[in-house]
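Notes to accompany the following structure.
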Amino acid sequence: MARHIVARTSEIPAGGNKVFGLEGRDIVVFHVNGEFFALLNRCPHEGAPLEKAACVARLTSPEPGIYQRDRVGEMLRCPWHGWEFDIRNGQSWFDPKRFRIRSYPVAVESGAELQRGPYVAETFPVHIEDNYVIVEV
């Protein structure tokens, strides 16, 4: 998989997302609860743009009339028909054996780490101001 530096972490606000064109695919990167997740920007049902999806909580019920919310912001609800997917791995909650959104590995690295390479050259002082989001496609 090729690595692509797509944005500074500060360019994707908490609770927000941003779409990037990588190798002919639209990939949406979400910033949820301090973590970044990358998914194909297309619902497998009818192709809705997942950049418009709502990040919601998982709702469970141990017994009738009792509801519990957890994993707040980690469930993605399709904007067209409400299908829900796990933002961590793209798994469908509607039909997990047949449907999933393609997910991509994401790393956050400092600018200083990105400057390292296998070659030795004359160097100059550089100031790193931010971290960057990197997506593997």
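Starting from the stretch 23-38, keep only residues that are within 16 Å of residue 10 (Cα to Cα), then list their pairs with residues that are of a type in the set (Lys, Arg) and open to solvent by 60 Å² or more (accessible area, probe 1.4 Å) whose Cβ atoms are within a distance under 6 Å, requiring at least 6 positions of separation or different chains.
29/18
Within the stretch 84-94, take every residue that is hydrophobic (A, V, I, L, M, F, W, C) and open to solvent by less than 50 Å² (accessible area, probe 1.4 Å) and give me the one that is nearest to residue 38 (Cα to Cα).
The selected residue is 87.
Can you find a residue in the stretch 17-25 that is farther than 20 Å from residue 136 by Cα and either among the basic types (Lys, Arg) or open to solvent by 30 Å² or more (accessible area, probe 1.4 Å) (or both)?
No: the stretch 17-25 contains no residue that is farther than 20 Å from residue 136 by Cα and either among the basic types (Lys, Arg) or open to solvent by 30 Å² or more (accessible area, probe 1.4 Å) (or both).
I'd like to know if the stretch 2-16 contains one or more residues that are touching a helix residue (DSSP H, G or I) at 6+ places or on another chain (Cβ under 8 Å) and loosely packed, with under 14 Cβ neighbours inside 10 Å. Walk me through it before giving the result.
Quick first cut of the stretch 2-16, residues touching a helix residue (DSSP H, G or I) at 6+ places or on another chain (Cβ under 8 Å) only: 5.
Subset that is loosely packed, with under 14 Cβ neighbours inside 10 Å: 5.
Yes, there is a match, as at least one residue in the stretch 2-16 is touching a helix residue (DSSP H, G or I) at 6+ places or on another chain (Cβ under 8 Å) and loosely packed, with under 14 Cβ neighbours inside 10 Å.
If a residue has to be part of a strand (DSSP E or B), hydrophobic (A, V, I, L, M, F, W, C) and under 17 Å from residue 90 (Cα atoms) to count, how many in the stretch 8-53 make the cut? Working first, answer last.
To start, the set of residues in the stretch 8-53 that are part of a strand (DSSP E or B) comprises 8, 17-22, 25-32, 35-40.
From the residues that got through so far, the ones that are hydrophobic (A, V, I, L, M, F, W, C) too are 19-20, 22, 27-30, 32, 36-40.
The next check asks that each one be under 17 Å from residue 90 (Cα atoms); those that pass are 19, 27-30, 32, 36-40.
Number of matching residues: 11.
Exactly one of these conditions fails for residue 134: (1) at pLDDT below 95; (2) under 26 Å from residue 8 (Cα atoms); (3) out of contact with any His (no Cβ under 7 Å at 6 or more places or on another chain). Give me its number.
Checking residue 134 against (1) at pLDDT below 95; (2) under 26 Å from residue 8 (Cα atoms); (3) out of contact with any His (no Cβ under 7 Å at 6 or more places or on another chain), the one that fails is (3).
What is the residue count in the stretch 43-83 for residues that are under 17 Å from residue 33 (Cβ atoms), free of Cβ contacts under 8 Å to residues at least 40 places away in the same chain and charged (D, E, K, R)?
Looking only at that region, the number is 5.
Taking the residues in the stretch 82-108 that are part of a strand (DSSP E or B) and of a type in the set (A, V, I, L, M) as candidates, determine which candidate is farthest from residue 40 (Cα to Cα).
Only one residue tops the list, namely 108.
Identify, please: which residue in the stretch 54-81 is out of contact with any strand residue (DSSP E or B) (no Cβ under 9 Å at 6 or more places or on another chain) and outside any strand (DSSP E or B) and is, among those, least open to solvent (accessible area, probe 1.4 Å)?
65
Among the residues of the stretch 95-129, write down those that are modelled with pLDDT under 80 and open to solvent by 90 Å² or more (accessible area, probe 1.4 Å).
The answer is 115, 116, 118, 119, 120, 122, 123, 124, 125, 126, 127, 129.
Would you be able to tell me the number of residues in the stretch 54-81 that are over 18 Å from residue 95 (Cα atoms) and more than 19 Å from the chain's Cα centre (by Cα)?
Of the residues in the stretch 54-81, 9 are over 18 Å from residue 95 (Cα atoms) and more than 19 Å from the chain's Cα centre (by Cα).
The values are calculated or read from the model by the stated rules, or taken from the named source; none is laboratory data. None of these values were measured; they are calculated from a predicted model. FYI the Cβ positions are ideal-geometry reconstructions off the backbone, even for glycines, and counts take in every protein chain you see. Accessible surface is based on the protein model in full, side chains and every heavy atom, while ligands, DNA and RNA are left aside. Shrake-Rupley method; radii C 1.70, N 1.55, O 1.52, S 1.80 Å.
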